[in-house]
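Rule-based calculations on the coordinates, nothing more; no lab input. In this text the structure is predicted, and so the values were computed from the model without any measurement. Using ideal geometry, Cβ is built from the backbone for each residue, glycine included, and neighbour counts are taken over all protein chains shown.
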There are 2 protein chains.
Amino acid sequence: MTELNAAACEGTTLETAPTRYVEGGGIRFAYRRLGPSNGTPLVLLQHFSGNIDAWDPAVVNALAADRTVIVFDNAGVGRSTGQTPDNVAAMADDAVTFINLLGLSEVDLLGFSLGGFLAQLIAARHGRLVRKVILVGTAPQGGEEHLMAVLQEAFADKQAPDVRLPLFFTPSSVSQAAGQAFLKRAKARTEDRDTDSGSDVTNPQAKALITWCATPDPEHATLRAITQPALVVSGSNDTMLPAENAYAMFKVLSDAQLVLYPDSGHGALFQHHALFVSHVRTFLDA
Amino acid sequence: MTELNAAACEGTTLETAPTRYVEGGGIRFAYRRLGPSNGTPLVLLQHFSGNIDAWDPAVVNALAADRTVIVFDNAGVGRSTGQTPDNVAAMADDAVTFINLLGLSEVDLLGFSLGGFLAQLIAARHGRLVRKVILVGTAPQGGEEHLMAVLQEAFADKQAPDVRLPLFFTPSSVSQAAGQAFLKRAKARTEDRDTDSGSDVTNPQAKALITWCATPDPEHATLRAITQPALVVSGSNDTMLPAENAYAMFKVLSDAQLVLYPDSGHGALFQHHALFVSHVRTFLDA
């Protein structure tokens, strides 16, 4: 299937859109397509362990108000078949395979966390395919990370009803309330929900994450190869991939805007969803 | 005069609005008032040596599309009487006197460079008067500055038709072209232009600037006293007050957004005027 079937997608939401499939390269990719077929489609690249339903409907639906937004499970994740690779380069290749299967010749990318690693590589290596790139809560190759320490602490906190509350939000009451609201939105879809990730996803993804951050890139070869306009976004208190990464990427990228949000963690884009959507739209529409 | 005379201001522009005067505390303040009388008025605080006509009409007029914008000459500057103080605290007091004379009980502040120093002090000391504060191309007390070195180099460059081209814009052709466009906009008003600053303005202002940056504030007392929402903005390559200042302020302020722009200097708000206006409106309207 290469046809986008735009008319059927307009007016649907992340919570109500049917999950579709496209097959090629030995992988059957699960995806949802939202919004009108205006301009350049925006493809979202998901965080560690996340599937299609881990995106925030408040972000996805607002972005889809005036553009095509495509959310998908990369190889091995959720309802997509194939094997989850243990390195970022192979994941980026899989994402490009998916984009090609949809017949898209030019896209904007929004990569969150691990998805931001993929977005950097794809933008650097596929200059014609990627028009603009949005890097959220992410890090450059060789960047600073505290993933294992923070993950261990979060999973040890048996009181948290969802590990994303301590991982994505700060301890402040405002941030935790925003976290509760996010979880409610993300759990609103009850029928045809995406499949949760098991260790066959999280083990190779964890290896890819750690390897990316542990592999120095002193010349910033990947960032320097990104010539597209970039929007770099982070929360003030991201405990896993600190905001210093965003500032460092901004300084190396040739055409980047940096936006940092107050009292927010790794999930700054979900906590400040209206602000984030406004900034993304301003960036994409400029 | 305490009446704002709103109806007469709607539809006028920075280039066409009459210069008005309000007197009190021994000072006659020159100002222009633009835009409809919706919501909280936005008061602009100007940079070193700048008068009312040194603002960018593209920024001021766009901001005035849906709110009251007030530009003025502080004591001793342009067509305002009185003496320009040699310290930021006295300048901030003068600005508060002006705001009080207009009868405004709550304002938003946009402070650029030296004006950002005043905005910090006013926001910290007048919690009820200031609703939100925008800090552009500025520094905290004790912040990093290269003012004298950069100014000397810029004034030594006899080839530049206007010192703001090397001071406010980067050497890139894109930034210099944006600088030329800014100068054209800023010089569009030919009748009733504001009076340029002489050494009776620039000498005390220079002392105030240097003293502010040379006076350490290791506890960040001023920034920590600012409880209002803040938007901190800088250009990537500000040679006089580097973007590190903006990042440092963001980290200390309790409720700040940080926005940094690519390939831009001290005049980032003029170079990226449409983007800047969009970010300011999003911030003020949230």
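Once the Cβ-Cβ distance between A:Gln159 and B:Glu144 is put in as r, and R0 is 35 Å, what FRET efficiency do you end up with, to the nearest 0.05? Efficiency at R0 = 35 Å is approximately 0.20.
With its label point defined 7 Å out from Cα along the Cα-to-Cβ axis, A:Ala181 lies at 3.7 nm from the matching points of the other copies, in increasing order.
The order of the peptides B:31-44, A:41-54 by mean Cβ neighbours within 10 Å, most packed first, is A:41-54, B:31-44. For B:Asp108, A:Asp94, A:Asp285, the sequence from fewest to most other C-beta atoms within 10 Å is A:Asp285, A:Asp94, B:Asp108. Take chain A and mark each of the GluC sites (Glu not before Pro) that is in a DSSP loop with at most 16 other Cβ atoms within 10 Å; the longest unmarked stretch, sites excluded, is A:11-105.
Counting only C-alpha contacts under 8 Å and six or more residues apart, can you give the relative contact order of chain B as a whole percent? Across chain B, relative contact order equals 21 percent. Here the stretch B:110-224 is assigned +1 on the Cβ of each Lys and Arg and -1 on the Cβ of each Asp and Glu. Its dipole about the Cα centre then comes out at about 520 debye. Counting only other chain Cβ atoms within 10 Å of each residue's Cβ, the peptide A:253-263 averages 6. Could you list log10 I(q)/I(0) for the protein assembly as shown at q = 0.06, 0.08, 0.11, 0.12 Å⁻¹, which the Debye formula gives when each Cα is one point scatterer? Debye intensities relative to I(0), on a log10 scale: -0.33, -0.57, -0.99, -1.12. Using the Cβ-Cβ distance between B:Arg28 and B:Ile210 with R0 set to 25 Å, the FRET efficiency works out to roughly 0.30.
Contact order for the stretch B:69-154, expressed relative to its length and based on alpha carbon pairs under 8 Å spaced 6+ residues apart, stands at 22 percent. Placing dummy labels 7 Å off each Cα toward the beta-carbon, the span from A:Arg125 to B:Lys187 is 5.1 nm. Label-point spacing at B:Pro218 relative to the other copies reads 3.4 nm, in ascending order, each point sitting 7 Å out from Cα along Cα→Cβ.
A simple charge model with +1 on the Cβ of Lys and Arg, -1 on the Cβ of Asp and Glu and nothing else charged puts the dipole of the protein assembly as shown at about 700 debye relative to its Cα centre. Legend: distances between Cα atoms for A:Lys187/A:Lys251; A:Lys158/B:Lys132; B:Lys132/B:Lys158; B:Lys158/B:Lys187; A:Lys251/B:Lys132; pairs beyond 31 Å are A:Lys187/A:Lys251; A:Lys158/B:Lys132; B:Lys132/B:Lys158. Lys and Arg at +1, Asp and Glu at -1: add these up for the other residues within a Cβ distance under 9 Å of B:Asp108 and post the number. With Lys, Arg at +1 and Asp, Glu at -1, the neighbours total +2. For A:Ile70, the shell of other residues with beta-carbons less than 12 Å away shows a net charge of +2, using +1 for Lys and Arg and -1 for Asp and Glu. Taking Cα centre as origin and charging only the Cβ of basic (Lys, Arg, +1) and acidic (Asp, Glu, -1) residues, the dipole magnitude of the stretch A:3-285 rounds to 360 debye. Where only DSSP H runs of four or more residues are counted, chain A gives -11500 deg cm²/dmol as its mean residue ellipticity at 222 nm, each run worth -39500 (n - 2.57).
By the equivalent-ellipsoid construction on the alpha carbon gyration tensor, chain A comes out with semi-axes of 25, 22, 20 Å, ordered largest to smallest. All other residues whose Cβ lies under 14 angstrom from that of A:Leu258 are scored, Lys and Arg at +1 and Asp and Glu at -1, for a net of -4. Selection among B:Ser254, A:Pro171, A:Tyr21 by position relative to the dipole of the protein assembly as shown gives A:Tyr21 as farthest towards the positive end (Cβ unit charges, Cα centre). Each copy carries A:Met148; placing its label point 7 Å along the C-beta direction from Cα gives inter-copy distances of 5.1 nm, listed from smallest up. Under 5 Å from the amide H of B:Val130 lie the amide H atoms of B:Val107, each residue being 5 or more positions distant or on a separate chain, with H modelled from the backbone and absent for Pro and chain starts. Tell me, how many Å apart are the Cα centres for the stretch B:192-207 and for the stretch B:222-264? When both Cα centres are located, 26 Å separates them.
Karplus couplings for the stretch A:220-230 from phi (6.51 cos²θ - 1.76 cosθ + 1.60, θ = phi - 60°), rounded to Hz, Gly and Pro as x? Along the stretch A:220-230, the couplings run 6, 4, 5, 4, 5, 7, 8, 9, 6, x, 10 Hz.
Compactness ratio for the stretch B:49-159: Cα radius of gyration over 2.2 N^0.38 Å (N = residue count) comes to 1.14.
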